[in-house]
Structure formats: C-alpha cells, structure tokens
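Below: one structure, written as structure tokens.
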Amino acid sequence: MKQIIIYGSQYGSTQRYAEKLSEQTSIPAVSYNLLPDLSEMKTIIYLGGLYAGGVLGLKKALRFFPVHDEFKLILVTVGLADPKDSENQENIDANLQKQLPEKLLHQTKIFHLRGAIDYKKLNVGHKALMALLYQSVRKTAFEKLTAENRAFIETYGKQADFIDFQTLQPILQEIQKEII
Ligand SMILES: Cc1cc2nc3c(=O)[nH]c(=O)nc-3n(C[C@H](O)[C@H](O)[C@H](O)COP(=O)(O)O)c2cc1C
C-alpha cells in the first residue's frame with residue numbers, strides 16, 4: 001500500500017516534523033512543490049504550516065489527491081499557538097472545514113502541532129503583515145486575548161521554538177493503523 005508524507009513549509013519547522021516522521025516510518029517525505037503522481041496513494045500524511053488560518057500548500061496539493069474511496073488523509077497543522085488550547089483547536093478546525101471538500105473530510109484524521117518562528121528570518125511581506133497585526137491586537141487586555149493572539153504577542157519580534165518531536169506520537173500511531 002502506498003503512502004507519502006507531503007509538507008508545506010515556508011521557514012522549515014513543518015519540514016523538520018515531516019522529516020522526523022519520515023525517519024520514524026520510512027515513508028518518503030516531499031515538499032508540496034515537488035509532488036510525484038499521487039493517484040495510487042492509499043494514505044497521504046500532509047503537514048502544513050498555518051498562515052492566517054490556511055494550511056500552506058494544501059489548496060495546491062488537493063488537486064492531485066486520489067479520488068478512490070479507500071484513500072485516507074492524515075492532516076497535520078503546524079502553528080505558533082498552543083494546540084492544547086481547546087478554543088485554538090476549534091478555530092483551526094473551523095478553518096480546515098473550509099479548506100477541505102466535504103467528502104474528503106470524512107476520510108481525514110486531523111492533528112495539530114506547535115512550530116517555531118524567527119522574526120529575523122521572515123520575508124518583508126510577512127514582517128509587514130505581522131507588524132500590522134501586532135498594532136491591532138496589542139491594545140487588547142491580555143485576559144481577553146485568544147490563545148492564538150497571546151502566543152503571537154508573547155513571541156512578536158523574537159525567536160521562539162516550540163518544536164517537540166514527542167508530539168508526533170499520536171500521528172505515528174495513526175500511521176501504524178493505516179499500515180496494518
Ligand atoms: C504571516 C504569518 C501568519 C501566521 N499565521 C498563523 C496562524 O494563523 N496560526 C498560527 O497558529 N500560527 C501562525 N503563524 C505561525 C506559523 O504557523 C509558525 O511559525 C509555523 O511554525 C511556520 O511553519 P514553517 O516554519 O514550516 O513555515 C503565522 C506566521 C506568519 C509568518
């Protein structure tokens with residue numbers, strides 16, 4: 001049965017998770033920019049960095065996903081906000097519902113991981129976007145902030161790395177289920 005890990009990563013944190021998963025499962029990992037033929041795949045493990053709620057590269061990759069009924073998608077988001085926060089999880093999930101066709105949602109298992117950011121490495125557009133966002137949320141009282149905005153304010157302008165390979169464990173278990 002054919003399986004592949006695909007990642008959408010702009011600054012490398014999602015790629016690090018994808019390559020670790022690949023090492024642990026021996027499933028090849030490729031960037032969404034370099035997709036092979038996916039039509040015969042039984043399982044796709046797609047990891048994507050979150051950018052304004054969107055999963056990087058997913059829209060592009062979706063067009064090449066298999067259409068057969070046995071196909072399973074394991075979708076993993078990588079964002080800065082804490083995925084253990086239930087409100088954050090609900091927000092990410094609500095956004096995902098809009099990014100996946102309804103039929104595929106029933107064939108999908110979703111997981112959330114925490115990534116990393118280094119403001120020094122952001123491109124000009126992203127720096128400007130984050131500066132604008134910061135201006136709009138920094139005046140909100142801290143207790144009124146969502147987990148997402150809290151993480152944003154706490155890390156703004158800095159380098160933060162929340163990557164934890166232990167959090168891949170439930171995803172590994174899900175992949176094992178698919179292999180059997
Ligand atoms: C422009 C921009 C928008 C972002 N939007 C979100 C977001 O909506 N939710 C979130 O949790 N993290 C957000 N992040 C943080 C990234 O998801 C996080 O840094 C992730 O680890 C990036 O993955 P990558 O290093 O693989 O590109 C954003 C970062 C940038 C630069």
Exercise. Out of all the residues in segment 56-75, is one or more within 13 Å of the ligand (Cβ to nearest atom), in contact (Cβ under 8 Å) with a residue 40 or more places away in the chain and within 20 Å of F162 (Cα to Cα)?
Worked result: yes
For this session: Would you check if R150 is more than 29 Å from I4 (Cα to Cα), of a type in the set (D, E, K, R) and within 14 Å of the ligand (Cβ to nearest atom)?
Result: yes
Problem set entry | Complete set of residues in segment 6-52 that are over 19 Å from L168 (Cα atoms), more than 14 Å from the chain's Cα centre (by Cα) and free of Cβ contacts under 8 Å to residues at least 40 places away in the same chain | N33, L34, L35, P36, D37, L38, S39, E40, M41
For this session: Just name the residue that is modelled with the lowest pLDDT out of those in segment 53-69 that are part of a loop (DSSP other than H, G, I, E, B) and under 13 Å from the mean Cα position of the chain (by Cα).
Result: G53
Exercise. Where in segment 1-52 are there strands (runs of 3 or more DSSP E), lying fully within it, with 2 or more residues that are away from the ligand (no atom under 14 Å from the Cβ)?
Worked result: 3-8, 43-51
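Residue under question is G125, and the condition is that it be more than 19 Å from G53 (Cα to Cα), of a type in the set (G, A, S) and modelled with pLDDT of 95 or more; does it hold?
no
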Exercise. Among the residues of segment 3-39, which ones are surrounded by 14 or more Cβ atoms within 10 Å (Cβ to Cβ), over 21 Å from D161 (Cα atoms) and not small (G, A, S)?
Worked result: Q3, I4, I5, I6, Q24, T25, I27, V30, Y32, L35, L38
Exercise. Residues of segment 93-118 being within 17 Å of S9 (Cβ to Cβ), within 11 Å of the ligand (Cβ to nearest atom) and not acidic (D, E), which ones?
Worked result: H112, L113, R114, G115, A116, I117
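The values are calculated or read from the model by the stated rules, or taken from the named source; none is laboratory data. Note that this is a predicted model, so its numbers are computed, not measured. Cβ atoms come from the backbone with ideal geometry, glycine included; neighbour counts cover every protein chain shown.
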